[in-house]
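Below you'll find the structure, written out as structure tokens, and then a few comments.
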Amino acid sequence: MKRRILISTGGSGGHVIPAITIHDHLIENYDIVISSDIRGLKYLDDKFYNILVIDTPKLNNLILLPLSILKVFFLTLRSLILLKNKKIQILISTGGYMSLPLCIAARILNIKVYLLEPNMVIGRANKLFLKFCKKIICYSENIIGFPKEYKNKLMITNPLIRKKYYNKKLKENDNERFTLIIIGGSQGAQIFDKILHESIIKVSKIKPLNVIHQTNQKNIDVLKNLYLKNKIDNTVFSFDQNLNSLIDQADLCITRAGASSLAEISLSKKPFIAIPLPTSKDNHQLENANYYKNKGCCWIVNQIDFDKKKFEDLLLNILCNKDEILLKKNNLEKLNYQNTWNNVNQKLLNIINEN
């Protein structure tokens, strides 16, 4: 009989996508259940996953904090019952406040807890449970804020990336025009929805471009019309399950700096300009981007002091300097040469099966 694992996740795609990837790695060897809050459900299809809802409230509102703590208490009681009834033997948390009740309950029941930290800064929830977890899975040994006394619990693996990104590409972009993909606008970020396209249109007058642009659903028609008016071939979308195939068509990506997004772009060997979310907790998106910049794989643009002229100059320099693009592609290839689905699969199984 297979051992039963519960993967706790929720919130953003940055938490849920690694949970899905872990599920797909372990499903042949274990009986897997996934728990999520309401927000995370949009990334999960109940046709493919056994899903439970643990809708943990945020703890960032001082006025509602007493009520939120009370709700976490009752969710912890519910988690105790759930873990016992479902006969869960292992809990894997992808981090975030969403996992608090389940991690507390697993600790009370002496269930093995494994943590995942995909970012280059240790998350606050993960840091809270470091003392009680069996191992924490990370992508680097140099995690900012990681307590030295728990270094023995650190397990390093290649980034957890969805299987479809490993599928052999039939062909790279063969379009004569340089193709640019902008990822990160689906959440309505002003810089991705209202600003970048102005610079892209201006640059396209000097160097012709094809543009693939992710934007807010309400902004799709506006962007399409602007690109068409300026004679730029374009694909404008809000959400696409086959984002990997769109990335394959590109020569350069412009993106936020979530750990999963950067890992997927990196595996696709596409140089990128990262514009980290300035409000990300503990500035972890900037640190994620710095990891790749230090390895010669990307450029970083600071949103807080964003300068359109400097951005346009950077973009033109990249377009006119094919050697720089090629260098970054080679660095990405070196970075990912051991990152295969089978290697990551075996590493995860070794970690979970370790006594």
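The values are calculated or read from the model by the stated rules, or taken from the named source; none is laboratory data. Computed from a predicted model, the values in this text were never measured in an experiment. Methodologically, a virtual Cβ is constructed for each residue, glycine included, from the backbone with ideal geometry; neighbour enumeration extends over all protein chains shown.
Listing for the model above:
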{"item": "Residue in region 323-338 that is in contact (Cβ under 8 Å) with a residue 24 or more places away in the chain, under 15 Å from residue 24 (Cα atoms) and outside any helix (DSSP H, G or I) present", "result": "no"}
{"item": "Filter result for residue 279 (part of a strand (DSSP E or B) and of a type in the set (Val, Ile, Thr))", "result": "no"}
{"item": "Residue tally, condition modelled with pLDDT of 90 or more and closer than 21 Å to residue 230 by Cβ, over region 158-182", "result": "5"}
{"item": "Selection from region 284-322 of residues that are of a type in the set (A, V, I, L, M, F, W, C), surrounded by 14 or more Cβ atoms within 10 Å (Cβ to Cβ) and outside any helix (DSSP H, G or I)", "result": "297, 298, 299, 300, 301, 306"}
{"item": "Qualifying residues in region 132-146 (those that are in a strand (DSSP E or B) and hydrophobic (A, V, I, L, M, F, W, C)) - the one nearest to residue 105 (Cα to Cα)", "result": "136"}
{"item": "Lone unmet requirement of (1) under 21 Å from residue 351 (Cβ atoms); (2) touching a residue at least 12 places away in the same chain (Cβ under 8 Å); (3) not small (Gly, Ala, Ser) for residue 44", "result": "(1)"}
{"item": "Meets criteria (surrounded by fewer than 20 Cβ atoms within 10 Å (Cβ to Cβ), without any contact (Cβ under 8 Å) to a residue 60 or more places away in the chain and not small (Gly, Ala, Ser)) for residue 239", "result": "yes"}
{"item": "Residue in region 132-154 that is on the phi > 0 side of the Ramachandran plot and over 22 Å from the mean Cα position of the chain (by Cα) present", "result": "no"}
{"item": "In region 1-51, the residues that are over 13 Å from residue 96 (Cβ atoms) and in a strand (DSSP E or B)", "result": "4, 5, 6, 31, 32, 33, 34, 51"}
{"item": "Residue count, region 191-212 (criterion: touching a helix residue (DSSP H, G or I) at 6+ places or on another chain (Cβ under 6 Å) and over 18 Å from residue 316 (Cα atoms))", "result": "1"}
{"item": "Members of region 127-161 found to be closer than 26 Å to residue 267 by Cα, polar (S, T, N, Q) and out of contact with any Lys or Arg (no Cβ under 8 Å at 6 or more places or on another chain), listed by number", "result": "140, 142"}
{"item": "Criterion (surrounded by fewer than 19 Cβ atoms within 10 Å (Cβ to Cβ), at pLDDT 95 or above and outside any strand (DSSP E or B)) met by exactly one of 77, 59", "result": "77"}
{"item": "Flag for residue 100 being surrounded by fewer than 16 Cβ atoms within 10 Å (Cβ to Cβ), assigned to a helix (DSSP H, G or I) and of a type in the set (A, V, I, L, M, F, W, C)", "result": "no"}
{"item": "Test result for residue 280, within 23 Å of residue 15 (Cβ to Cβ), of a type in the set (Gly, Ala, Ser) and surrounded by fewer than 19 Cβ atoms within 10 Å (Cβ to Cβ)", "result": "yes"}
{"item": "Selection from region 242-266 of residues that are in a loop (DSSP other than H, G, I, E, B), in contact (Cβ under 8 Å) with a residue 60 or more places away in the chain and surrounded by 22 or more Cβ atoms within 10 Å (Cβ to Cβ)", "result": "250, 256, 258"}
{"item": "Region 323-355, subset more than 30 Å from residue 116 (Cα to Cα) and aliphatic (A, V, I, L, M), residue surrounded by the most Cβ atoms within 10 Å (Cβ to Cβ)", "result": "325"}
{"item": "Within region 187-212, considering residues that are over 23 Å from the mean Cα position of the chain (by Cα) and part of a strand (DSSP E or B), the one farthest from residue 320 (Cα to Cα)", "result": "210"}
{"item": "Residue within region 290-300 that is touching a residue at least 60 places away in the same chain (Cβ under 8 Å) and within 20 Å of the chain's Cα centre (by Cα) present", "result": "yes"}
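Residues are listed down the side, and each one gets a yes or a no for (1) out of contact with any Pro (no Cβ under 6 Å at 6 or more places or on another chain); (2) at positive phi; (3) without any contact (Cβ under 8 Å) to a residue 12 or more places away in the chain:
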position: 9; (1), (2), (3): yes, no, no
position: 19; (1), (2), (3): yes, no, no
position: 27; (1), (2), (3): yes, no, yes
position: 58; (1), (2), (3): yes, no, no
position: 71; (1), (2), (3): no, no, no
position: 75; (1), (2), (3): no, no, no
position: 85; (1), (2), (3): yes, no, yes
position: 104; (1), (2), (3): yes, no, no
